[in-house]
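Chemist: The structure under discussion is supplied below as structure tokens; questions concerning it will follow.
The values are calculated or read from the model by the stated rules, or taken from the named source; none is laboratory data. Source: prediction; values computed, not measured. No Cβ is skipped: glycine too gets one built from the backbone with ideal geometry, and neighbour counts run over all protein chains shown.
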Amino acid sequence: LNNIGNIYFSKGDYDKALNFFKQSLKITIELGNPSLKATRLNNIGEFYRNTGNNTEALKYFKEALEIIEKLGNLEKKSTLLSNIGNIYNSQKNYSEALKKYRQALDIDEQLKDLGGKAKRLNNIGTIYLSQGNYQKALTRFKNSLEIDQRLGNKPKIALRFWWIGITYKKMNNKSKALECFKRARSIYDELGINYKLKQVQKEINKLYVLFF
């Protein structure tokens, strides 16, 4: 049922998708599997977040987190804390978002989860960027980039260059911003991720209009 929900969601039929997600949750509750219940709650939370209903998303993420904390599953706890942080971030509640991201980062460090650590550092960087604390943002994005370069995760490397480029642009450092955007463009071009390629090219074009 959950997979059917995902298919409807990908087609943009959100009412049917939600119906299947909730049916799947109901069956999971009847089976008495708390770990799977938390996964289903998280999926519904993701659905609401992706359709712009942050209030409902937060409710489902928090309910899932309560279950996961009781089960002691640190990996899932980190993901849920980050999901909650994303909601607070989109609501411009930066202090709460930062708190959740840092809690998730602590868990990633405890688990020695480098991929998770890179994500959390990037998330924290976006908070500092929104607050206009560009130097702190830059440090977090660069730390995140270093980890992903060690892991060889090309899509994430491109994304980190994107965020570093955005930060340099905010700092009016046009040459470094352009350099980062071009590096991101090169990776997206190599990987054939066209929608990201267009996004980066748009930023490059803006820089040429603004500064050259």
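Chemist: State which residue is farthest from the chain's Cα centre (by Cα) when the search covers only the range 79-92 and only residues that are among the small types (Gly, Ala, Ser) and over 12 Å from ASN42 (Cβ atoms).
Modeler: Here is the first cut: in the range 79-92, the residues among the small types (Gly, Ala, Ser) are 82, 85, 90.
Next cut, over 12 Å from ASN42 (Cβ atoms) only: 85, 90.
Numbers: GLY85: 9, SER90: 11 Å.
Per the stated criteria, the residue is SER90.
Chemist: Would you pick out the residues in the range 68-102 that are closer than 24 Å to GLU146 by Cα and free of Cβ contacts under 8 Å to residues at least 24 places away in the same chain?
Modeler: Correct list: LYS99, LYS100, ARG102.
Chemist: A further question follows. Determine if the range 106-120 includes at least one residue that is at positive phi, outside any helix (DSSP H, G or I) and either charged (D, E, K, R) or modelled with pLDDT of 95 or more (or both).
Modeler: Within the range 106-120, the subset at positive phi is 112.
So of that shortlist, the ones also outside any helix (DSSP H, G or I) come out as 112.
Within this subset, residues satisfying the condition of being either charged (D, E, K, R) or modelled with pLDDT of 95 or more (or both) are 112.
So far as the range 106-120 goes, yes, one or more of its residues are at positive phi, outside any helix (DSSP H, G or I) and either charged (D, E, K, R) or modelled with pLDDT of 95 or more (or both).
Chemist: Quick check on ASP189: is it acidic (Asp, Glu), modelled with pLDDT of 95 or more and surrounded by fewer than 20 Cβ atoms within 10 Å (Cβ to Cβ)? Walk me through it before giving the result.
Modeler: On the way: acidic (Asp, Glu): yes; modelled with pLDDT of 95 or more: yes; surrounded by fewer than 20 Cβ atoms within 10 Å (Cβ to Cβ): yes.
Judged against the criteria, ASP189 is a match.
Chemist: How many of the residues in the range 79-102 are assigned to a helix (DSSP H, G or I) and either within 26 Å of SER10 (Cα to Cα) or in contact with a Ser or Thr (Cβ under 8 Å, 6 or more places away or on another chain) (or both)?
Modeler: 15
For every residue, the table says whether it meets (1) closer than 27 Å to ASP108 by Cβ; (2) basic (Lys, Arg); (3) touching a residue at least 24 places away in the same chain (Cβ under 8 Å); (4) touching a Pro at 6+ places or on another chain (Cβ under 7 Å).
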residue: GLN131; (1), (2), (3), (4): yes, no, yes, no
residue: LEU138; (1), (2), (3), (4): yes, no, yes, no
residue: SER144; (1), (2), (3), (4): yes, no, yes, no
residue: ASP148; (1), (2), (3), (4): yes, no, yes, no
residue: LYS156; (1), (2), (3), (4): yes, yes, yes, no
residue: ARG160; (1), (2), (3), (4): yes, yes, yes, no
residue: MET171; (1), (2), (3), (4): no, no, yes, no
residue: ALA177; (1), (2), (3), (4): no, no, yes, no
residue: LEU191; (1), (2), (3), (4): yes, no, yes, yes
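Chemist: Take the residues in the range 42-73 that are within 23 Å of ALA118 (Cα to Cα) and over 18 Å from the mean Cα position of the chain (by Cα); name whichever of them is surrounded by the most Cβ atoms within 10 Å (Cβ to Cβ).
Modeler: Looking at the filtered set, the residue picked out is ILE68.
Chemist: Restricting to the range 40-61, what's the tally of residues that are β-branched (Val, Ile, Thr) and modelled with pLDDT of 90 or more? Walk me through it before giving the result.
Modeler: Looking only at the range 40-61, we keep the residues that are β-branched (Val, Ile, Thr), and these are 44, 51, 55.
From what's left, modelled with pLDDT of 90 or more: 44, 55.
So the answer is 2.
Chemist: Here's a check for you: in the range 146-174, which residue that is farther than 18 Å from GLU203 by Cα and not in a helix (DSSP H, G or I) is nearest to the chain's Cα centre (by Cα)?
Modeler: Per the stated criteria, the residue is ASN153.
Chemist: Go through the range 135-164 and report how many residues are within 19 Å of PHE181 (Cα to Cα) and surrounded by fewer than 19 Cβ atoms within 10 Å (Cβ to Cβ).
Modeler: Of the residues in the range 135-164, 10 are within 19 Å of PHE181 (Cα to Cα) and surrounded by fewer than 19 Cβ atoms within 10 Å (Cβ to Cβ).
Chemist: Select from the range 80-108 the residues that are acidic (Asp, Glu) and out of contact with any helix residue (DSSP H, G or I) (no Cβ under 6 Å at 6 or more places or on another chain) and list them in ascending order. Spell out the reasoning first.
Modeler: We begin by selecting, within the range 80-108, every residue acidic (Asp, Glu); these are 96, 106, 108.
Within the range 80-108, just ASP106 meets the criteria.
Chemist: Quick test for you: out of LYS142, LYS100, LYS119, LYS62, pick the one residue that is farther than 27 Å from TYR168 by Cα and of a type outside the set (A, V, I, L, M).
Modeler: LYS62 is the lone residue from the list that is farther than 27 Å from TYR168 by Cα and of a type outside the set (A, V, I, L, M).
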